[in-house]
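Report on one structure; see the data block that follows.
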Amino acid sequence: MTHANTTDRIRIFDTSLRDGEQSPGFTMSASQKIAFAHALADLGVDVIEAGFPNSSPADFGAVQAIAREVRGASIATLARCHPGDIEACARALDDAAAPRIHVFISTSPLHRQHKLNMSREQVIEHAAMGVQLARKHVDDVEFSAEDAFRTEREFLVEVFDAAVAAGARTLNVPDTVGYATPEEIRELFRYLRANVKGADGVTFSAHCHNDLGLAVANSLAAIEGGARQVECTINGIGERAGNAALEELVMAMKVRGGWYGADTCIDTRKLLETSRLLSRITGIQVQRNKAIVGLNAFAHESGIHQHGMLKNRDTYEIMRPQDVGWPDSQLVLGRHSGRAAVADRLRQLGYVLEDEQLDQVIAGAKALTQTQHVIGDADLQRLVEGERYGPGWRISALSLTDYGQHTRAHVDLSDPDGKHLLQSAEGEGPIAAVFAALAQATGVDFELESYEVHSMGIGRDARGEANLSGRIDGETLSGQGTSRDVLEASAIAWLDVANRVLRARQAQPRVEAA
Ligand code: KIV
Ligand code: ZN
């Protein structure tokens, strides 16, 4: 479906290091901020909002270092319309090749009365003063009307008129509390472009929050209304429910360019690695079903979908995984998979089976899904080669003793034949100690690629679900465990992986029975 006849270039203003970094759980050290700023420049963002220099000496130092080192994008810093904030921005940006000062003041009646205690006239005076002062230091000044969406329209026009007259080049329209709907935002941008004096000489920018889950939709609607800059963050991090997710916005413009008539300069093949870098830095993973960068974004488990994918990828995919940095789509063999996907994977592994043999392998795979989440290549090989499938090692007992800085874990593993493995090991903290004991008991060791625990159910019925993945013998294997005890859930998930490795290796674990 097309809608637009031309393609306009949309500037991507990334605020992961400011709006994102100031939200709970996403604080970064100076060196992490610098590393991430380099990644954003490599990704191709137009503007990196590096921080709020007057908020702390640490933020000042990080912004200064980014301004010194990072090239290829403008470096923006945030300031209230206060001389102290603006001067701190100017000093921090001294060495930047393309510095931008971003000044803001609240404009909505709620904020004017309860936050600023200012009249409309005072707000306009402060806005003009802030922009003028910033222009004494740099040419590139952005002005934001905080809570713009809940501001009286005619007053918003007056504030923006004053900011343009004072020298602002970009007018940012934040939906600070994520209250807008796409139709309203589209209309607001059209209204501002028609009514602000000098609108043709400035760039209108959208800054949408995700409190109603509409941040990306609202940013796209703002583009339809005339915005030519969008403010966003990697993985959608930001205050409360976050900001518009950069990866989603950029791919919406790329995939639906015919509709929006808009595109960006982002190197989309770097989206996944940038998202993962942020997760590694902050320790917070995106949800599995997150668009573009979540583990399920290009994974298919249901038989009907897998069958469609094998015939023609376009049946269930609207973009190529490689275009955003994934190696390929994944047909996950699990409880919902069908014959076509199992047969296809077996063919890729070099097995061409008769119908009857294929039936047996499929029945074995289905049985396996009762006890494990996904079927890996190693499992299929075992099934084809007619090996007896056993459930492997299980946790019989698990306990901890605390030795100050270090924790010692004691595990007792059993198998269906009644064999036991007892092992103790130390680690920095309970999880590390349990994983070390399991590694020593089974002789299987792997580096964790991801590890997450969340709660399933509520109140007394709540159980912990642990999901982890690790790379071993050239394959990434995932494991899952559930238990009322999160430590035990984690141990079960770890063993889920180890049991598959052991089956694949046809090796007996090293027995060190006590
Ligand atoms: O959400 C908001 O209003 C902001 C401004 C400071 C741009 O982050
Ligand atoms: Zn914001």
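Can you find even one residue in the stretch 273-284 that is within 15 Å of ligand 2 (Cβ to nearest atom), open to solvent by 10 Å² or more (accessible area, probe 1.4 Å) and not hydrophobic (A, V, I, L, M, F, W, C)?
There is no residue in the stretch 273-284 that is within 15 Å of ligand 2 (Cβ to nearest atom), open to solvent by 10 Å² or more (accessible area, probe 1.4 Å) and not hydrophobic (A, V, I, L, M, F, W, C).
Would the stretch 384-394 turn up any residue that is under 14 Å from ALA493 (Cα atoms) and modelled with pLDDT under 85?
Checking the stretch 384-394: at least one residue is under 14 Å from ALA493 (Cα atoms) and modelled with pLDDT under 85.
Quick check, is ALA88 away from ligand 1 (no atom under 13 Å from the Cβ), assigned to a helix (DSSP H, G or I), open to solvent by less than 10 Å² (accessible area, probe 1.4 Å) and of a type outside the set (D, E, K, R)?
Yes: the conditions hold for ALA88.
Just to confirm my filter: which strands (runs of 3 or more DSSP E) fall fully inside the stretch 416-489 and include at least 3 residues that are among the small types (Gly, Ala, Ser)?
Fully inside the stretch 416-489 and qualifying: 420-427, 463-472, 475-483.
Every residue in the stretch 126-139 that is open to solvent by 50 Å² or more (accessible area, probe 1.4 Å) and closer than 13 Å to HIS102 by Cβ, please.
ARG135, HIS137
May I ask you to verify whether GLN32 is within 16 Å of ligand 1 (Cβ to nearest atom) and farther than 20 Å from ALA90 by Cα?
no
Out of ALA148, ALA168, which single residue is closer than 26 Å to THR264 by Cα and within 16 Å of ligand 2 (Cβ to nearest atom)?
Just a single option satisfies the conditions, and that option is ALA148.
Looking only at the stretch 140-196, how many residues end up being within 13 Å of ligand 1 (Cβ to nearest atom), open to solvent by 10 Å² or more (accessible area, probe 1.4 Å) and charged (D, E, K, R)?
So the count comes out to 2.
THR233 versus (1) open to solvent by 30 Å² or more (accessible area, probe 1.4 Å); (2) among the polar types (S, T, N, Q); (3) assigned by TED's automatic domain parsing to the domain that holds PHE143: which is the lone unmet condition?
Among (1) open to solvent by 30 Å² or more (accessible area, probe 1.4 Å); (2) among the polar types (S, T, N, Q); (3) assigned by TED's automatic domain parsing to the domain that holds PHE143, THR233 violates only (1).
Just to be sure I understand, how many residues within the stretch 111-125 are part of a helix (DSSP H, G or I), open to solvent by less than 90 Å² (accessible area, probe 1.4 Å) and under 14 Å from GLU152 (Cα atoms)?
Final tally of qualifying residues: 5.
The values are calculated or read from the model by the stated rules, or taken from the named source; none is laboratory data. What you see is a predicted model; the values in this text were computed from it and never measured. Cβ: placed from backbone, ideal geometry, glycine included. Neighbour counts: every protein chain shown. Surface areas here come from the heavy atoms of the whole protein model, side chains and all, with no ligands, DNA or RNA. Shrake-Rupley method; radii C 1.70, N 1.55, O 1.52, S 1.80 Å.
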